[in-house]
Amino acid sequence: MMRELALCDSSLHVSRITHHEFMNILTKATVLVLNRNWQAINVRTPQEAFCMMATNVATGLEIEGEDHIRPVTWEEWITLPIRDQDEAVHTVRGAIRVPTVIVAVNYAKVPKKRPKLCARAIRERDGNRCQYTGALLRPDEGSLDHVVPRSRGGPDTWENLVWSSKQVNTRKGNRLPHEAGLKLLAVPRAPKELPVTALLRNAHGVAEWKPFLNE
């Protein structure tokens with residue numbers, strides 16, 4: 001039966017699409033996962049989502065605009081028609097619609113985590129201001145600065161990275177701040193952990209995610 005699921009080991013029989021297209025569909029993170037309170041908590045691939053649905057860990061959401069959102073069990077999901085906007089995989093049982101949002105029915109928590117360490121996260125933490133002069137910067141006017149330069153053993157950490165104007169960064173070069181006549185306005189720290197719902201981004205522009213994200 002489909003419950004043992006060829007989908008879980010990718011042994012689907014493909015028709016009308018190439019193997020490359022098929023694997024792109026299955027392995028791209030395009031499925032938003034909600035907890036049982038319908039709060040966004042994760043992003044999964046269709047392959048992972050199919051396995052969760054087939055083992056009753058999750059139900060899919062059939063979404064026809066924000067006014068029609070309906071939980072659907074796996075047994076019904078595999079019978080849903082394929083609409084023009086849907087991705088689908090083709091199995092020995094026929095085409096199966098790829099879900100865009102699923103609900104983890106036995107999970108109620110919203111995990112917390114820190115933002116990913118990157119230039120955007122440092123810029124947002126530092127309020128778009130140069131941490132040496134206090135000047136408010138446009139994104140193209142600033143850059144990451146290692147307080148202790150990498151050439152002198154400075155790590156890529158929240159505590160050693162600040163947002164700086166490009167001019168100040170160039171002036172500082174491979175020196176410590178005090179060696180360049182500079183002083184930090186505040187001690188850089190790691191941001192507090194936030195509910196993952198606040199950190200999830202709709203990287204692929206999936207329209208059906210919009211009711212569930214704070215973007």
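Are there any pairs with C-beta distances below 6 angstrom linking a residue in segment 33-45 that is closer than 22 Å to Glu87 by Cβ to a residue that is in a strand (DSSP E or B) and of a type in the set (Lys, Arg), with the two at least 6 apart or on different chains, and if so which?
Hits for this filter: Val33/Arg44.
Does Lys183 satisfy the condition of being of a type in the set (D, E, K, R) and touching a strand residue (DSSP E or B) at 6+ places or on another chain (Cβ under 6 Å)?
So Lys183 fails the test.
Among Val92, Val110, Val31, which is among the hydrophobic types (A, V, I, L, M, F, W, C) and modelled with pLDDT of 95 or more?
Checking each option against the conditions leaves just Val31.
Can you tell me which condition Ile63 does not meet? The list is (1) open to solvent by less than 70 Å² (accessible area, probe 1.4 Å); (2) modelled with pLDDT under 75, and all the others hold.
(2)
I need the full set of residues from segment 84-96 which are open to solvent by less than 70 Å² (accessible area, probe 1.4 Å), within 26 Å of the chain's Cα centre (by Cα) and either free of Cβ contacts under 8 Å to residues at least 60 places away in the same chain or under 15 Å from Gly60 (Cα atoms) (or both), in order please.
Scanning segment 84-96 gives Asp86, Ala88, Ile96.
Of all residues in segment 175-203, which are assigned to a loop (DSSP other than H, G, I, E, B) and hydrophobic (A, V, I, L, M, F, W, C)?
Passing the criteria: Leu176, Leu182, Leu184, Leu185, Ala186, Val187, Ala190, Leu200, Ala203.
Just give me the residues in segment 130-152 being in a loop (DSSP other than H, G, I, E, B) and open to solvent by 60 Å² or more (accessible area, probe 1.4 Å), in sequence order.
Within segment 130-152, Thr133, Arg138 qualify.
Is it true that some residue in segment 122-129 is over 30 Å from Ala40 (Cα atoms), open to solvent by 40 Å² or more (accessible area, probe 1.4 Å) and at pLDDT 95 or above?
Within segment 122-129, one or more residues are over 30 Å from Ala40 (Cα atoms), open to solvent by 40 Å² or more (accessible area, probe 1.4 Å) and at pLDDT 95 or above.
Within the group Pro195, Pro191, which residue is touching a residue at least 24 places away in the same chain (Cβ under 8 Å), closer than 30 Å to Gly65 by Cβ, surrounded by 11 or more Cβ atoms within 10 Å (Cβ to Cβ) and within 20 Å of the chain's Cα centre (by Cα)?
Of the residues listed, the single one that is touching a residue at least 24 places away in the same chain (Cβ under 8 Å), closer than 30 Å to Gly65 by Cβ, surrounded by 11 or more Cβ atoms within 10 Å (Cβ to Cβ) and within 20 Å of the chain's Cα centre (by Cα) is Pro195.
The values are calculated or read from the model by the stated rules, or taken from the named source; none is laboratory data. Keep in mind that what you see is a predicted model, and the values were worked out from it rather than measured. All Cβ positions, even for glycine, are placed from backbone atoms using ideal geometry, and neighbour counts span all protein chains on display. Just so you know, the surface numbers come from the protein's heavy atoms only, side chains and all, with ligands and any DNA or RNA stripped out. Shrake-Rupley method; radii C 1.70, N 1.55, O 1.52, S 1.80 Å.
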